[in-house]
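*Asks:* Please find one structure pasted underneath; my questions will follow.
The values are calculated or read from the model by the stated rules, or taken from the named source; none is laboratory data. Here the structure is a predicted model, which means the values were calculated and not measured. Please note: Cβ atoms are built from the backbone with ideal geometry, for glycine as well, and neighbour counts cover all protein chains shown.
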Amino acid sequence: MNKNPIRLGVNIDHVATLRNARGQNDPSVLRLMFEASDGGAQIITIHLREDRRHIRDEDVHEILRHSLVPVNLEMALNDHILDFALKSRPYSVCIVPERREEVTTEGGLDVIKYKDKINQYAKVLKEAGISVYLFIDPEKEMLRHISPDYVDGIEVHTGSYANHFHILRERERELEKIRMVHDLSQDLGLEFHAGHGLNYHNIREFLVFPQLKEVNIGHSIISRALSIGLKNAVREMKELII
Ligand code: PXP
């Protein structure tokens, strides 16, 4: 069991996906944002994608204006989105890879290939007072190319852990890869976060990392909210991670 408090970031992109399906303002992203923080979300996470398939520019403005908790903006290495982030100033940014064809963020950032661009983005964001995180696959090699001067930490991609959760040996193999990244992140002075595919069934076994500071969870919480409401769905998740 993790003895450190872990912040719960709730990703509300899917509220916007549902709203956009009918082109009106129902469900209201803002109303659900308040329900999430009422339920105990300590971070509101949103991904402004290049194709604006869910969250849109005006949502980001409204969320930043009204949120009672810090807002974490996920963004790709895109100069327009970088300008947008610098102007709108979320609490933190998590840089993610983005492919238009993907259903959701499918893999981590290639820190080796995009090292210069990542450093350039991280430097200006940091200078603007925005904390910077990188979404990476659980591969130790990636961490060695991160500059702790500009980057505050990493969010490790837990999709593979989630996909292999039900086969014990495979789950343990995934946890071991993540453990190596967790340990190295501490040696490098990088904060350790996690996200993707985490749900009510697999979260507890994930809490073995003593320095885990934040988890970002979207799909499972929003799905559960259809049955019990978002406030209760967030509360249930909070009870599991405390
Ligand atoms: N973290 C990052 C960087 C993501 O891109 C996503 C998906 O938008 C999440 C966390 C949340 O993943 P899920 O919706 O599977 O909980």
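*Asks:* For the range 211-229, what are the residues that are within 19 Å of His14 (Cβ to Cβ) and either away from the ligand (no atom under 14 Å from the Cβ) or basic (Lys, Arg) (or both)?
*Replies:* Hits for the range 211-229 are Arg224, Leu226, Ser227, Ile228, Gly229.
*Asks:* Out of the range 118-143, which residues are within 29 Å of Glu174 (Cα to Cα), touching a residue at least 40 places away in the same chain (Cβ under 8 Å) and not hydrophobic (A, V, I, L, M, F, W, C)?
*Replies:* Ser131, Tyr133, Pro138, Glu139, Lys140
*Asks:* Provide a single number: the residues in the range 56-101 that are within 10 Å of the ligand (Cβ to nearest atom) and closer than 23 Å to Gly23 by Cβ.
*Replies:* Counting residues in the range 56-101 that are within 10 Å of the ligand (Cβ to nearest atom) and closer than 23 Å to Gly23 by Cβ gives 0.
*Asks:* Would you be able to say whether some residue in the range 191-203 is in contact (Cβ under 8 Å) with a residue 24 or more places away in the chain, under 18 Å from His164 (Cβ atoms), in contact with a His (Cβ under 7 Å, 6 or more places away or on another chain) and crowded, with 22+ Cβ neighbours inside 10 Å?
*Replies:* So far as the range 191-203 goes, yes, one or more of its residues are in contact (Cβ under 8 Å) with a residue 24 or more places away in the chain, under 18 Å from His164 (Cβ atoms), in contact with a His (Cβ under 7 Å, 6 or more places away or on another chain) and crowded, with 22+ Cβ neighbours inside 10 Å.
*Asks:* Taking the range 27-48 on its own, how many of its residues are under 17 Å from Ser88 (Cα atoms) and surrounded by fewer than 21 Cβ atoms within 10 Å (Cβ to Cβ)?
*Replies:* Selection size over the range 27-48: 1.
*Asks:* Right, another one. Using beta carbons and a limit of 9 Å, which pairs, at least six apart or on different chains, have the first residue in the range 224-242 and touching a residue at least 40 places away in the same chain (Cβ under 8 Å) and the second one part of a loop (DSSP other than H, G, I, E, B) and charged (D, E, K, R)?
*Replies:* Pairs found: none.
*Asks:* Looking for something assigned to a loop (DSSP other than H, G, I, E, B), under 30 Å from Arg204 (Cβ atoms), β-branched (Val, Ile, Thr) and at pLDDT below 95 - is there at least one such residue anywhere in the range 90-103?
*Replies:* Yes, the range 90-103 contains a residue that is assigned to a loop (DSSP other than H, G, I, E, B), under 30 Å from Arg204 (Cβ atoms), β-branched (Val, Ile, Thr) and at pLDDT below 95.
*Asks:* Under 8 Å by Cβ, and 6 or more places apart or on different chains, what pairs join a residue from the range 16-42 that is among the aromatic types (Phe, Trp, Tyr) with one that is exposed (fewer than 15 other Cβ atoms within 10 Å of the Cβ)?
*Replies:* Phe34/His66; Phe34/Leu68
*Asks:* Taking the options Leu109, Leu8, name whichever one is touching an Asp or Glu at 6+ places or on another chain (Cβ under 8 Å) and either among the hydroxyl-bearing types (Ser, Thr, Tyr) or surrounded by 21 or more Cβ atoms within 10 Å (Cβ to Cβ) (or both).
*Replies:* Numbers: Leu109 fails: touching an Asp or Glu at 6+ places or on another chain (Cβ under 8 Å).
Among Leu109, Leu8, only Leu8 is touching an Asp or Glu at 6+ places or on another chain (Cβ under 8 Å) and either among the hydroxyl-bearing types (Ser, Thr, Tyr) or surrounded by 21 or more Cβ atoms within 10 Å (Cβ to Cβ) (or both).
*Asks:* Confirm whether Asp137 is touching a strand residue (DSSP E or B) at 6+ places or on another chain (Cβ under 6 Å), closer than 22 Å to Gln42 by Cβ and either at pLDDT below 95 or surrounded by fewer than 23 Cβ atoms within 10 Å (Cβ to Cβ) (or both).
*Replies:* In short, no.
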